[in-house]
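The values are calculated or read from the model by the stated rules, or taken from the named source; none is laboratory data. Given the structure is predicted, the values throughout are model-derived calculations rather than measurements. Here Cβ is always computed from backbone atoms with ideal geometry, including for glycine, and neighbour counts include all displayed protein chains.
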Amino acid sequence: TFNGNNHTIKGLKTANGFLGSTSNLTIRDLTISGATITGTDKAHTGILANTLTGNTSISNVTIENSSVTSAEGAAGGLVGYISRNAKNNRAEQMQVTIDNCHIINTSIEANGHEGHFIGRLSGYDNSEVLIFNDNCSVSPKGDALNSAYIEGNEAIWLADTDYSAYNAWLGDEEYYRGTVIYGND
(Lines give C-alpha, C1' and ligand atoms only; values in the text may rest on other atoms or scores of the structure.)
Protein backbone atom coordinates (compact mmCIF):
# COMPACT_ATOMS: atom_id res chain seq x y z
CA THR A 1 0.00 0.00 0.00
CA PHE A 2 1.20 3.49 -0.86
CA ASN A 3 -0.64 6.03 1.30
CA GLY A 4 0.10 9.62 0.30
CA ASN A 5 -1.55 10.92 3.51
CA ASN A 6 -3.10 13.75 1.46
CA HIS A 7 0.32 15.18 0.59
CA THR A 8 1.13 16.93 -2.70
CA ILE A 9 4.21 16.18 -4.79
CA LYS A 10 5.14 19.28 -6.80
CA GLY A 11 7.37 19.71 -9.83
CA LEU A 12 8.30 16.06 -10.44
CA LYS A 13 10.47 15.85 -13.57
CA THR A 14 11.61 12.43 -14.73
CA ALA A 15 11.51 9.82 -17.51
CA ASN A 16 9.55 7.43 -15.28
CA GLY A 17 6.26 7.72 -13.46
CA PHE A 18 6.40 8.48 -9.75
CA LEU A 19 6.20 4.78 -8.81
CA GLY A 20 7.93 3.42 -11.94
CA SER A 21 6.62 -0.09 -12.68
CA THR A 22 4.88 -1.96 -9.90
CA SER A 23 2.30 -4.68 -9.15
CA ASN A 24 -0.57 -5.59 -6.81
CA LEU A 25 -0.75 -2.18 -5.18
CA THR A 26 -3.18 0.02 -3.31
CA ILE A 27 -2.49 3.72 -3.92
CA ARG A 28 -4.46 6.43 -2.14
CA ASP A 29 -4.68 10.01 -0.93
CA LEU A 30 -2.13 11.78 -3.12
CA THR A 31 -1.91 14.83 -5.39
CA ILE A 32 0.77 15.25 -8.03
CA SER A 33 1.04 18.81 -9.32
CA GLY A 34 3.23 20.33 -12.02
CA ALA A 35 4.84 17.03 -13.06
CA THR A 36 6.66 16.60 -16.36
CA ILE A 37 7.13 12.95 -17.27
CA THR A 38 8.94 12.33 -20.57
CA GLY A 39 9.18 8.65 -21.46
CA THR A 40 12.08 7.35 -23.50
CA ASP A 41 12.34 4.69 -26.21
CA LYS A 42 9.32 2.37 -26.40
CA ALA A 43 8.44 2.56 -22.72
CA HIS A 44 4.88 2.99 -21.50
CA THR A 45 4.67 6.10 -19.36
CA GLY A 46 2.26 7.42 -16.73
CA ILE A 47 2.50 10.21 -14.18
CA LEU A 48 1.71 7.92 -11.25
CA ALA A 49 3.15 4.67 -12.67
CA ASN A 50 4.55 3.49 -15.98
CA THR A 51 3.25 -0.08 -15.76
CA LEU A 52 0.91 -1.74 -13.26
CA THR A 53 0.45 -5.48 -13.15
CA GLY A 54 -2.01 -7.50 -11.09
CA ASN A 55 -4.84 -6.29 -8.88
CA THR A 56 -4.66 -2.59 -8.07
CA SER A 57 -6.80 0.03 -6.38
CA ILE A 58 -6.16 3.74 -6.96
CA SER A 59 -8.28 6.09 -4.86
CA ASN A 60 -8.34 9.78 -4.00
CA VAL A 61 -5.52 10.64 -6.40
CA THR A 62 -5.42 13.93 -8.31
CA ILE A 63 -3.05 14.77 -11.15
CA GLU A 64 -3.06 18.50 -11.97
CA ASN A 65 -1.23 20.94 -14.23
CA SER A 66 1.10 18.22 -15.47
CA SER A 67 2.25 16.56 -18.68
CA VAL A 68 3.25 13.05 -19.75
CA THR A 69 4.66 11.94 -23.10
CA SER A 70 5.77 8.62 -24.55
CA ALA A 71 7.76 8.37 -27.77
CA GLU A 72 6.40 4.99 -28.88
CA GLY A 73 4.63 3.40 -25.90
CA ALA A 74 1.32 4.23 -24.23
CA ALA A 75 0.83 7.32 -22.05
CA GLY A 76 -1.72 7.89 -19.30
CA GLY A 77 -2.49 10.60 -16.79
CA LEU A 78 -2.30 7.98 -14.05
CA VAL A 79 -0.80 4.84 -15.61
CA GLY A 80 0.81 4.06 -18.95
CA TYR A 81 0.03 0.33 -19.18
CA ILE A 82 -1.94 -2.25 -17.17
CA SER A 83 -1.78 -6.04 -17.47
CA ARG A 84 -1.93 -9.23 -15.43
CA ASN A 85 1.16 -10.32 -13.51
CA ALA A 86 1.62 -13.14 -16.04
CA LYS A 87 0.28 -11.52 -19.20
CA ASN A 88 -0.92 -14.72 -20.93
CA ASN A 89 -1.96 -16.73 -17.84
CA ARG A 90 -5.63 -17.49 -18.50
CA ALA A 91 -6.17 -18.64 -14.90
CA GLU A 92 -5.21 -15.27 -13.43
CA GLN A 93 -7.96 -12.74 -12.73
CA MET A 94 -7.14 -9.04 -12.57
CA GLN A 95 -9.17 -6.08 -11.35
CA VAL A 96 -8.07 -2.45 -11.33
CA THR A 97 -10.37 0.08 -9.67
CA ILE A 98 -10.03 3.85 -10.15
CA ASP A 99 -12.03 5.64 -7.41
CA ASN A 100 -12.40 9.39 -6.78
CA CYS A 101 -9.48 10.21 -9.07
CA HIS A 102 -9.19 13.44 -11.05
CA ILE A 103 -7.10 14.55 -14.02
CA ILE A 104 -7.02 18.36 -14.22
CA ASN A 105 -5.33 20.48 -16.90
CA THR A 106 -2.94 17.69 -17.84
CA SER A 107 -1.38 17.10 -21.25
CA ILE A 108 -1.01 13.48 -22.41
CA GLU A 109 0.85 12.67 -25.62
CA ALA A 110 1.72 9.34 -27.23
CA ASN A 111 1.60 7.65 -30.57
CA GLY A 112 -2.04 6.50 -30.59
CA HIS A 113 -2.26 4.95 -27.11
CA GLU A 114 -3.01 7.91 -24.86
CA GLY A 115 -5.70 8.04 -22.22
CA HIS A 116 -6.69 10.58 -19.60
CA PHE A 117 -6.32 7.94 -16.87
CA ILE A 118 -4.85 4.79 -18.48
CA GLY A 119 -2.80 4.63 -21.69
CA ARG A 120 -3.34 0.96 -22.54
CA LEU A 121 -5.05 -2.07 -20.97
CA SER A 122 -3.95 -5.59 -21.81
CA GLY A 123 -7.37 -7.22 -22.14
CA TYR A 124 -6.19 -10.71 -22.99
CA ASP A 125 -9.03 -13.05 -22.08
CA ASN A 126 -12.00 -11.25 -20.44
CA SER A 127 -10.31 -11.88 -17.09
CA GLU A 128 -9.17 -8.27 -16.83
CA VAL A 129 -11.57 -5.73 -15.38
CA LEU A 130 -10.92 -1.98 -15.32
CA ILE A 131 -13.44 0.03 -13.27
CA PHE A 132 -13.77 3.81 -13.27
CA ASN A 133 -16.13 4.75 -10.43
CA ASP A 134 -18.55 7.57 -11.20
CA ASN A 135 -16.82 9.99 -8.80
CA CYS A 136 -13.83 10.31 -11.17
CA SER A 137 -13.45 13.30 -13.48
CA VAL A 138 -11.40 14.84 -16.26
CA SER A 139 -11.13 18.62 -16.64
CA PRO A 140 -11.34 20.23 -19.07
CA LYS A 141 -13.78 17.64 -20.42
CA GLY A 142 -13.40 18.68 -24.06
CA ASP A 143 -9.70 17.78 -24.25
CA ALA A 144 -9.45 15.53 -27.33
CA LEU A 145 -6.74 12.88 -27.28
CA ASN A 146 -5.51 10.66 -30.09
CA SER A 147 -7.17 7.70 -28.38
CA ALA A 148 -8.30 4.54 -30.11
CA TYR A 149 -10.65 3.72 -27.23
CA ILE A 150 -13.64 6.00 -27.71
CA GLU A 151 -17.42 5.75 -27.93
CA GLY A 152 -18.34 2.94 -30.30
CA ASN A 153 -15.60 0.51 -29.23
CA GLU A 154 -17.91 -1.22 -26.79
CA ALA A 155 -19.29 -4.59 -27.79
CA ILE A 156 -22.42 -4.91 -29.88
CA TRP A 157 -24.68 -5.52 -26.86
CA LEU A 158 -23.74 -2.08 -25.51
CA ALA A 159 -24.19 -0.25 -28.80
CA ASP A 160 -27.21 1.71 -27.51
CA THR A 161 -25.38 2.96 -24.42
CA ASP A 162 -23.81 6.42 -24.66
CA TYR A 163 -20.34 6.32 -23.14
CA SER A 164 -19.10 9.43 -24.94
CA ALA A 165 -18.56 11.24 -21.59
CA TYR A 166 -15.74 8.73 -20.97
CA ASN A 167 -14.05 9.05 -24.36
CA ALA A 168 -10.28 8.59 -24.02
CA TRP A 169 -10.33 7.77 -20.30
CA LEU A 170 -8.70 4.57 -21.53
CA GLY A 171 -6.37 5.17 -24.48
CA ASP A 172 -6.42 1.73 -26.07
CA GLU A 173 -6.99 -1.92 -25.28
CA GLU A 174 -4.54 -4.56 -26.40
CA TYR A 175 -6.37 -7.70 -27.67
CA TYR A 176 -9.81 -6.05 -27.08
CA ARG A 177 -11.04 -8.67 -24.63
CA GLY A 178 -10.96 -6.91 -21.26
CA THR A 179 -13.97 -5.51 -19.43
CA VAL A 180 -14.14 -1.76 -18.88
CA ILE A 181 -16.84 -0.42 -16.52
CA TYR A 182 -17.68 3.27 -16.21
CA GLY A 183 -19.54 4.47 -13.13
CA ASN A 184 -22.64 2.49 -12.28
CA ASP A 185 -23.15 1.25 -15.87
> Among the candidates L30, L52, which residue alone is of a type outside the set (K, R), within 11 Å of the chain's Cα centre (by Cα), closer than 15 Å to F2 by Cα and buried (at least 22 other Cβ atoms within 10 Å of the Cβ)?
Replying inline: L52
> Restricted to region 154-175, and to residues that are within 17 Å of E128 (Cα to Cα) and surrounded by 13 or more Cβ atoms within 10 Å (Cβ to Cβ), which residue is modelled with the lowest pLDDT?
Replying inline: E154
>> Looking only at region 3-22, count every residue that is modelled with pLDDT of 95 or more and assigned to a strand (DSSP E or B) and tell me the total.
In response: 9
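Quick grid of which residues meet (1) among the hydrophobic types (A, V, I, L, M, F, W, C); (2) closer than 22 Å to N60 by Cα; (3) buried (at least 22 other Cβ atoms within 10 Å of the Cβ):
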residue	(1), (2), (3)
Q93	no, no, no
D99	no, yes, no
I104	yes, yes, no
I108	yes, yes, yes
L121	yes, yes, yes
D134	no, yes, no
>> If a residue must be more than 22 Å from T97 (Cα to Cα) and at pLDDT 95 or above, how many such residues does region 40-65 contain?
In response: 1
> Could you give every pair whose Cβ atoms fall below 6 Å, whose first residue belongs to region 8-20 and is closer than 12 Å to L78 by Cα, and whose second residue is in a loop (DSSP other than H, G, I, E, B) and among the β-branched types (V, I, T), counting only separations of at least 6 or pairs across chains?
Replying inline: G17/I47
> Which ones in region 29-59 are outside any strand (DSSP E or B) and touching a Ser or Thr at 6+ places or on another chain (Cβ under 7 Å)?
Replying inline: G34, A35, G39, A43, H44, I47, G54
